[in-house]
Amino acid sequence: MSRYFDIDSFLAEQTRVPVVFNSGCTGLGKEMDKMCQTRDLPMGEEVELPFWLVPKLFEQNMVGPKMPDCFDERVWQVVEAEPKNVPLRDFNPHFFEFGARFTELLRDEELHEQLEKAFTARYSKLLVGAALSTSEFKDRHLLSREEEKLLDAGRDSMKAFHDWKYSTTEKLTVAHTVKANKKRRAGGAYGSNQRRAMGDNLTNRV
Amino acid sequence: MSNFGDKAATLVQDISQSEKGTIPPYNDELVRAVVDESNEHHRSILRLIGDIQEQGTSLDAAAPEDAAAILVHHQAVLRNKRALLVYLNERADRVRALRWEVGTALPEDLGESLSHSERGYFQQYSALVNRYQGRRGGVGINITLDPTPPKEHKVQVRVLQERGELVTRDGTVDLAKNTVHLLWRDEAQPLITEGVVEMVV
Amino acid sequence: MKGVREALEHQEVHFLAEDEKVVILPTFALTQRALPAFNTFGPFRPQIQVTVPFWLALILKKQGRCLIVPPRWLQISSLDSLVSLERTDDIFQTLPFHYVEIATDLCKYARDDLPEWDHLFDLVETVRSVRHNKMQAGLRSLDARATKGVKLSNITLLEVNIMRAFMTNSLEFYRLLSTQTAVAVVGIASSLSHTRSLHLHSVTQRHGPSIVKVSFETFFQTRCNTTDTKVNKYRRRYLRRDLRVRRYQ
Amino acid sequence: MAEASQQDDLAEILAEASQQQQQDPTNIVARLKRAYVNEKNAPELLPFEHDLLEQVMAKVEDQELVVQQSREAAAAAGGGGGGGGGGGMDDLMAHIYQAELNRVRFLIRAYYRTRLFKIEKYAVHVVKPETNEFAKLSPQEQKYATDYVNMLEEHFGSVLGQMPEKYSSMLQQIEEDDAEMDMVPEPNLDKHVFCRVREDRRDVMFDPNDPDNTMDLDQGDIIMVRYRFIKGLLEDGALDLI
């Protein structure tokens, strides 16, 4: 199990999942449900458990999980309508990692498809552009932890590229490059954002 | 709503939120608490098993509510164990990185952030890398040098700490304070790491 | 471990580029062929072209001992046509595997050997940017099918390195989340999906009710009958056993 | 007309430029470079390049002598300051040899480091006797891996030893005979890697579960694919990781 030592994989399993106890639970009334009046948890009780407790209990048919709030019908409606603007982090900081684990357990085809669709939409409409660029990105707060890691992987690499390209360029005079940039931009060259970003970068360094 | 595993989660959360490349103080208190909680769960498991056996029932025929309770406690111990290991492992990664950053001597202020076992681990790891690099039984090349590809082959350095004479490939150099020298990159690098000299750009 | 990232760093790609060959015009004479070195260089004669690795050319250049002959693709006319081709064509044009690194270094260290080095520098950056935008467009269109393998024609190493972590990690998520690559999906929940809760009988059929006891038996039976809680504590037998074998081999 | 010929020129120039990449296959530095880049990009450990490293290390020692000699010659000819023409050339030779040596040393160090890093990451997996991972290591690496696992076990044991019995192993979540080691990190062979093709291959099937899906590989092609699918081609030398 190569994910055993992975911090995010661990934290994703902290997500609360509503379950119904099919069997009772001896001595754990209060532990499983603060409102419980008896020492033992009675059969049929609905409680919220952290996900890490669920798979084994489910395998043994001791609990039946229900869909957690973060995968509610309404969530998918928003994701479908405006994939770029959905604050997935607010629904669940480990939206995809937890989602993958949860579908693996339930084998819920519909949920599986929704997750894949959501990832694809967010990846192409939000992540690619932001990850392979160094210009300011204002939507970080919308990202799940997994998306944020992808974003940083891309941006770190872009930043390292700029650092590399303009390192030890003491002799590269600003005047030359910036002047040339302006000339070309005025001439209707493409990609002004990117070039501007690089120009700025150069100015800062020299 | 169960609060099993909450302490464990705090332990992992803390290390996860700490700045990359830093080593926050070892949280001995919380580690102990998670260990104690695990032993408490384990005692509950033994109690439940004892009760079942007392009734003359074999575990095979245990009532589902007893089995469920055992399973919950069991999973809780496993969860705590994983938290402890995720915490220890992430810290161990950072402790090892020190060997490559600061060399074989653990800086005092950092040493205070480590547990007793972590300090031992650092010493052992340090020795392990030394053995691997050694001439006898090792590969015979210092592999902590050149973390990035060589660029300029000579670098200009200014002496920050009086060091006296240094024998280099080009002959002997007197490292008197504030003097400037042109050194081979690989010979300068350990001195830069130690803070004896700084690079002059 | 410091200095060891999981992937190549850009500086390392640059290091690899320095082994590419370049033509120089030496200003000195050194006819003696190389001694037992890793590569053979020379002979060097003033004003006679000779091909050397790029790192060597840079050393000689910095000492004022040679002129570097710019490669033919690093010309304003070639790069101008390249820019328009790169813009109009969907595919990536063929370029030297290390064109960015070589052009950047020449513009840094050998600008007196280049006509209008700053113009060249900008043109190469334009080429790279156009290609970068194409790369982004390509990445946007990726989906789970890419986990079956993708051909990236004419991409260069530095370009690979720039998108490497983002692309491979994204595909890892596609692999994880893809319904195509997932294990056979059993529709336990889908039949009841309108209620979004699970039906339990199907699970019972899958596993049968006796599994619980079996696993507990193995975990705890021995321990109820023994009281020597400490004896086996450090017994981590698997590893010790194996390592012992290794040590005395 | 002029434009068309310019395009032809460009095509010719670019074709020429991209042909320059062939490296001499007998050159041991080129081979070390390949070994390093492959090692860096492969998720698992590749077999240690015994012969290659032995040759390179021997040559490094030779060259250290040569550098020493050129330096002495330079000193004799005029204090290394470039007084006489001959002295300047000796100095230059020494500089070139030193520079080359530095490049080779970097590759050796980086190669060793990359392997140690992977050994640490998958230490227990690497020393397991039932896999052949251990055989991929050099004798020094084998010692390193074994010692490393022991010290890791001691360190983790300082806390695990206080856990309830049967929960104190660092190999299994719950100790059980004949059960799998479910805590041991292993390399992810499904990781996607970039490769450059060295030899033409027709109809290459990547995914054995999808036999209809094949690809032609031409020399110089760059592909991105799951490591598992090209592991064999890498071993054959049909492609390199980049």
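The values are calculated or read from the model by the stated rules, or taken from the named source; none is laboratory data. Predicted model, so just to flag it, every value in this text is computed and none were measured. Don't worry about glycine lacking a Cβ; one is built from the backbone with ideal geometry, like all the others, and counts go over all protein chains shown. We work out accessible area using only protein heavy atoms, side chains counted, and drop any ligands, DNA or RNA first. Shrake-Rupley method; radii C 1.70, N 1.55, O 1.52, S 1.80 Å.
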> Counting only protein heavy atoms and using a 1.4 Å probe, what share of the accessible area of the range D:122-187 belongs to carbon plus sulfur, as a whole percent?
Replying inline: 45 percent
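Based on DSSP H runs of at least 4 residues, each adding -39500 (n - 2.57), what is the mean residue ellipticity at 222 nm of chain D after dividing by all its residues, to the nearest 500 deg cm²/dmol?
After summing the helix terms and dividing by the residues of chain D, the value is -19000 deg cm²/dmol.
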> Peptide A:106-114: average number of partner chain Cβ atoms within 10 Å per residue?
Replying inline: 6
>> At a threshold of 8 angstrom on Cα-Cα distance, excluding pairs fewer than six apart, so keeping six or more, what relative contact order does chain D reach in percent?
In response: 16 percent
> Once label points are set 7 Å from the Cα along Cα→Cβ at both B:Gln123 and B:Asn142, what is their separation, rounded to one decimal in nm?
Replying inline: 2.4 nm
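Give me the tail of P(r) for the range B:6-133 as a percent: Cα-Cα pairs with distance above 17 Å.
Numbers: 5258 of 8128 pairs.
Value for the range B:6-133: 65 percent of Cα pairs lie more than 17 Å apart.
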>> Apply the a/c threshold of 1.5 to the C-alpha gyration tensor of chain D and tell me whether it is rounded, prolate or oblate.
In response: oblate
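Show me you know the interface measure: the accessible area buried between C and D, both chains summed, probe 1.4 Å, in Å² to the nearest 100.
On the way: alone 18500 and 15910 Å², together 26460 Å².
For chain C against chain D, roughly 7900 Å² becomes buried.
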> Within the accessible area of the range C:92-132, what % is carbon and sulfur when the probe is 1.4 Å and the other protein chains stay in place?
Replying inline: 55 percent
>> For chain B, take the longest principal axis of its alpha carbons; what is the angle in degrees between that and the long axis of helix B:64-102, to the nearest 10 within 0 to 90?
In response: 10 degrees
> Which of the aspartates and glutamates could be linked to D:Lys136 by a straight reach, that is with a Cα gap under 19 Å, when you skip same-chain ones fewer than 8 residues away?
Replying inline: C:Asp242, D:Glu39, D:Glu44, D:Glu49, D:Asp51, D:Glu54, D:Glu120, D:Asp147, D:Glu186, D:Glu235, D:Asp236, D:Asp240
>> Filter A:Lys165/D:Lys121; B:Lys7/D:Lys166; B:Lys7/D:Lys121 down to the pairs with a C-alpha to C-alpha distance above 24 Å, please.
In response: A:Lys165/D:Lys121; B:Lys7/D:Lys121
>> Ignoring ligands, DNA and RNA, please state the percent of accessible area on the range A:1-92 from carbon and sulfur, probe 1.4 Å.
In response: 50 percent
>> At a cut-off of 50 Å², which residues of the range B:28-61 become less accessible once all protein chains are present than in their chain alone, using a 1.4 Å probe?
In response: B:Val35, B:His42, B:Leu59, B:Asp60
> For the range C:160-171, in order, what is each residue's ³J(HN,Hα) by Karplus, 6.51 cos²θ - 1.76 cosθ + 1.60 with θ = phi - 60°, in whole Hz (x at glycine and Pro)?
Replying inline: 4, 5, 5, 9, 3, 4, 4, 5, 5, 5, 5, 5
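I need the calculated FRET efficiency for the pair C:Arg45 and B:Leu182, taking r as the beta carbon distance and R₀ as 41 Å, to the nearest 0.05. Present the calculation step by step, with values, prior to reporting the outcome.
Working: r = 30 Å, r/R0 = 0.73.
So the FRET efficiency works out to roughly 0.85.
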> Counting pairs of Cα atoms in the range A:26-155, how many percent are more than 21 Å apart?
Replying inline: 51 percent
> What's the FRET efficiency of A:Ser135 with B:Asn130 using the Cβ-Cβ distance as r and R₀ = 60 Å, to the nearest 0.05?
Replying inline: 0.85
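Hey, can you find the accessible area per residue of chain B for me, probe 1.4 Å, expressed in square angstrom? Spell out each step's value before the answer.
Working: 9230 Å² over 201 residues.
Accessible area per residue, chain B: 46 Å².
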>> Am I reading the A/B interface right? What is its buried accessible area, both sides, 1.4 Å probe, to the nearest 100 Å²?
In response: 2900 Å²
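With runs of 4+ DSSP H residues as the only contributors, calculate the mean residue ellipticity of chain B at 222 nm using -39,500 (n - 2.57) per run, divided by the residue total and rounded to the nearest 500.
Values: 6 runs with 110 residues, N = 201.
Mean residue ellipticity at 222 nm (helix-derived): -18500 deg cm²/dmol.
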> What residues have an amide H closer than 5 Å to that of C:Val22, excluding those fewer than 5 places away on the same chain, when H is modeled at 1.01 Å from N in the peptide plane?
Replying inline: C:Val52, C:Phe54
> For the range B:1-103, what's the relative contact order in percent, using C-alpha pairs closer than 8 Å and at least 6 residues apart?
Replying inline: 44 percent
> With axes computed from alpha carbons, what is the tilt in degrees of helix D:2-19 against the longest principal axis of chain D, rounded to the nearest 10 within 0 to 90?
Replying inline: 60 degrees
>> Could you compute how much accessible area chains D and B hide from each other, both sides summed, with a 1.4 Å probe? Nearest 100 Å² is fine.
In response: 4100 Å²
>> Using only the alpha carbons of the range A:85-137, what is the convex hull's orientation-averaged projected area in square nanometres?
In response: 4.1 nm²
>> As an exercise, take the mean of 1/r over every pair of distinct alpha carbons in the range C:1-142, invert it, and state the Kirkwood radius in angstroms.
In response: 17.0 Å
>> If I model a spin label as a point 7 Å beyond the Cα along the Cα-Cβ vector, how far apart are those points for D:Gln68 and C:Thr31 in nm?
In response: 3.1 nm
>> Between 0 and 90 degrees, rounded to the nearest ten: what's the tilt of helix B:6-17 against the longest Cα principal axis of chain B?
In response: 20 degrees
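Cα convex hull of the range D:27-119: how many Å³ per residue?
Working: hull volume 8.5 nm³, N = 93.
It comes to 91 Å³ per residue, whole-number rounded.
For chain B, calculate the relative contact order in percent as a whole number, restricting contacts to Cα pairs under 8 Å that are 6 or more residues apart.
Details: 195 pairs, mean separation 35.1, N = 201.
So the answer I get is 17 percent.
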> According to a simple spin-label model (label point 7 Å from Cα along Cα-to-Cβ), what is the distance in nm between D:Asp182 and A:Lys30?
Replying inline: 3.1 nm
> How big is the convex hull of the Cα atoms of the range C:52-113, per residue, in Å³?
Replying inline: 85 Å³
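Does the range D:188-242 come out rounded, prolate or oblate by the C-alpha gyration tensor, with a ≥ b ≥ c the root eigenvalues, rounded set by a/c under 1.5 and, if not, prolate when a/b is larger than b/c and oblate if not?
Numbers: a/c = 1.70, a/b = 1.10, b/c = 1.55.
Oblate is the answer for the range D:188-242, as a/c is 1.5 or above yet b/c matches or exceeds a/b.
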